[in-house]
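Okay, so here's the structure we're looking at.
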Amino acid sequence: MTATTPTAPAPPAAEAARTGTGPLSAGRRWTEHGLVFTAPFLLLYALFLVWPVLLGLRMSLGDDNITGTGGTFTGLDNYAEALRDPGVWSSLWNTVWFTLLSTVPLVVTGLVLALLAHHLRVVQWLWRLSWFTPFLLPSGVVGLLWLWMIYPSDFGLADLLLRSFGLDPGIGWLTDTRYAMLSIVLTTVWWTVGFNFLLYLAALQAIPQHLYEAAELDGAGAWRRLRHITLPMLNRTTGVVVVLQLLASLKIFDQVYIMTGGGPDESTRPILQYVYEAGFTGYRIGYASAVSYVFFALIVIVSLIHLRMTRRSREEAAK
C-alpha cells in the first residue's frame with residue numbers, strides 16, 4: 001500500500017489568482033479587457049456628450065430660458081408647438097433642399113477630381129494640393145471670401161466672368177430667392193469637395209493594378225475599365241462618402257449665417273439657425289432644445305432607412 005504525501009495548501013494570493021477572485025485578479029481582468037485604456041475616453045464621452053444630451057432632453061420638457069429663470073416642467077408642450085410652428089418646417093425644408101442640391105455635386109465632383117489626379121503624371125502633387133487646400137480654410141474665411149470677392153454685383157468675380165462671355169448678369173447672387181441657395185451650394189462644393197476627393201484618391205490607389213492589366217490584355221478600353229473595375233471597387237467608398245456628406249449637409253450653419261443670415265425672406269435659413277435664433281435671440285432654451293430633438297429624430301429616421309437600404313443591397317449582392 002503506497003502512502004500519499006499530503007500537499008500543502010496554496011497561498012491565499014495564488015489561490016485567488018487561480019480562482020479569479022481577489023484584488024489582483026480583478027485588476028488583471030480590468031487590464032485584459034482594455035478598460036484601463038478606454039476609461040479616460042469613456043469619462044470624457046460621458047461628460048461632454050452623454051450628460052449634455054440628457055441635460056438638453058430635460059430642458060426640452062420645460063420653459064427654461066437663457067437668463068437662468070423659469071425651468072418649470074411643461075411636458076410635451078414644446079414639442080407640440082414645434083410641430084405646429086411653420087418656421088420649423090420652412091427651415092427644415094431649406095436644410096433638406098440644400099442637402100439634395102449639394103450631395104450629388106460633391107460626390108460626383110470628388111470622384112472626377114480623384115480620377116484626374118490619379119491618372120495625371122505631370123506635377124501630380126500640385127493638383128492634389130490645389131484641390132484639397134480649400135477644405136483647410138475656416139468657414140469664416142470661406143464665407144467672407146465668397147461674400148466680398150465672388151458674389152458682389154458691381155465688382156464680383158462671378159459677374160466679371162459672365163461679362164467676359166458677353167453676358168449681362170444682373171444676378172442677385174445672395175439677394176434673390178431664386179439664386180441664394182444655389183450660390184451657397186456652389187460655395188460649399190468649392191470649399192468641402194477636397195475631403196471627398198481625398199477619400200476617393202486613397203481608394204483608387206488601393207485598387208490592385210493587375211486588374212487593369214488583365215482587362216487591358218482582354219481588349220477592354222478605358223471606359224469599360226472604369227465601368228467594370230473602378231466604379232465597382234469604389235462602391236464602399238461611395239457609400240461612406242454619401243453618408244458623411246448627408247450628415248455634413250444636414251448640419252449646415254456657418255456659411256449661411258455669414259453670407260445671407262438666412263435671407264432673403266428666410267429662403268436659406270437652415271434648421272440649426274432657427275434653433276440658434278430661438279435659443280439665443282428669443283431666449284427660449286427649452287423650446288430650442290425641443291426643436292433640436294425633433295431634428296435629431298428625423299436624422300435618426302433617415303439613418304435607419306439608409307442602413308436598411310444598404311443592408312438589403314449587400315444581401316442581394318451576396319446572392
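The values are calculated or read from the model by the stated rules, or taken from the named source; none is laboratory data. Computed from a predicted model, the values in this text were never measured in an experiment. Don't worry about glycine lacking a Cβ; one is built from the backbone with ideal geometry, like all the others, and counts go over all protein chains shown. Accessible surface is based on the protein model in full, side chains and every heavy atom, while ligands, DNA and RNA are left aside. Shrake-Rupley method; radii C 1.70, N 1.55, O 1.52, S 1.80 Å.
Of all residues in the range 142-187, which are closer than 28 Å to THR95 by Cβ and among the hydroxyl-bearing types (Ser, Thr, Tyr)?
The answer is TYR151, SER153, THR175, THR177, TYR179, SER183, THR187.
Using the structure shown, decide if LEU211 is surrounded by 15 or more Cβ atoms within 10 Å (Cβ to Cβ) and either in a helix (DSSP H, G or I) or among the acidic types (Asp, Glu) (or both).
So LEU211 does not fit the description; no.
Just give me the residues in the range 207-238 being over 21 Å from VAL185 (Cα atoms) and within 24 Å of the chain's Cα centre (by Cα), in sequence order.
Those that are over 21 Å from VAL185 (Cα atoms) and within 24 Å of the chain's Cα centre (by Cα): LEU231, PRO232, MET233, LEU234, ASN235, ARG236, THR237.
Taking the range 152-173 as the search range and keeping residues that are assigned to a helix (DSSP H, G or I) and in contact with a helix residue (DSSP H, G or I) (Cβ under 7 Å, 6 or more places away or on another chain), which one is farthest from THR268 (Cα to Cα)?
Applying the filter and picking the extreme gives LEU157.
Scan (1) open to solvent by 20 Å² or more (accessible area, probe 1.4 Å); (2) among the small types (Gly, Ala, Ser); (3) more than 23 Å from ASP265 (Cα to Cα) for the single condition GLY194 breaks and write down its number.
Among (1) open to solvent by 20 Å² or more (accessible area, probe 1.4 Å); (2) among the small types (Gly, Ala, Ser); (3) more than 23 Å from ASP265 (Cα to Cα), the lone unmet condition for GLY194 is (1).
Mind listing whichever residues of the range 264-296 are open to solvent by less than 40 Å² (accessible area, probe 1.4 Å), within 19 Å of the chain's Cα centre (by Cα) and more than 21 Å from MET181 (Cβ to Cβ)?
Once the filter is applied, which keeps residues that are open to solvent by less than 40 Å² (accessible area, probe 1.4 Å), within 19 Å of the chain's Cα centre (by Cα) and more than 21 Å from MET181 (Cβ to Cβ), the range 264-296 yields only VAL294.
Of the residues that sit in the range 11-54 and are among the small types (Gly, Ala, Ser) and at pLDDT 60 or above, which one is least open to solvent (accessible area, probe 1.4 Å)?
GLY34
Could you check how many residues of the range 89-117 are of a type in the set (A, V, I, L, M), open to solvent by 60 Å² or more (accessible area, probe 1.4 Å) and within 16 Å of LYS251 (Cα to Cα)?
Qualifying residue count, the range 89-117: 1.
Among the helices (runs of 4 or more DSSP H) confined wholly to the range 233-318, which include 1 or more residues that are in contact with a helix residue (DSSP H, G or I) (Cβ under 7 Å, 6 or more places away or on another chain), over 25 Å from SER60 (Cα atoms) and among the hydroxyl-bearing types (Ser, Thr, Tyr)?
235-250, 285-318
Would you list the helices (runs of 4 or more DSSP H) that sit entirely within the range 71-151 and hold 3 or more residues that are in contact (Cβ under 8 Å) with a residue 40 or more places away in the chain and within 18 Å of ARG269 (Cα to Cα)?
Filter on the range 71-151 gives 86-119, 139-145.
Return yes or no: is GLN205 loosely packed, with under 13 Cβ neighbours inside 10 Å and in contact with a His (Cβ under 9 Å, 6 or more places away or on another chain)?
yes
Would you check which residues across the range 55-73 are surrounded by 11 or more Cβ atoms within 10 Å (Cβ to Cβ) and either small (Gly, Ala, Ser) or under 22 Å from the mean Cα position of the chain (by Cα) (or both) and list them?
Within the range 55-73, GLY56, SER60, GLY62, GLY70, GLY71 meet the criteria.
Test GLY219 against the criterion of being farther than 21 Å from MET259 by Cα, surrounded by 13 or more Cβ atoms within 10 Å (Cβ to Cβ) and not aliphatic (A, V, I, L, M), and give yes or no.
Here the answer is no, as GLY219 does not meet what is asked.
What number of residues within the range 227-240 satisfy the criterion of being touching a residue at least 12 places away in the same chain (Cβ under 8 Å) and under 16 Å from LEU115 (Cβ atoms)?
7
Please state which one of LEU120, LEU167 is of a type in the set (A, V, I, L, M) and either loosely packed, with under 12 Cβ neighbours inside 10 Å or at positive phi (or both).
On inspection, the qualifying residue turns out to be LEU167.
Quick one: which of VAL185, VAL243 is closer than 27 Å to THR99 by Cα, surrounded by 15 or more Cβ atoms within 10 Å (Cβ to Cβ) and either of a type outside the set (A, V, I, L, M) or in contact (Cβ under 8 Å) with a residue 24 or more places away in the chain (or both)?
Answer to the selection: VAL185.
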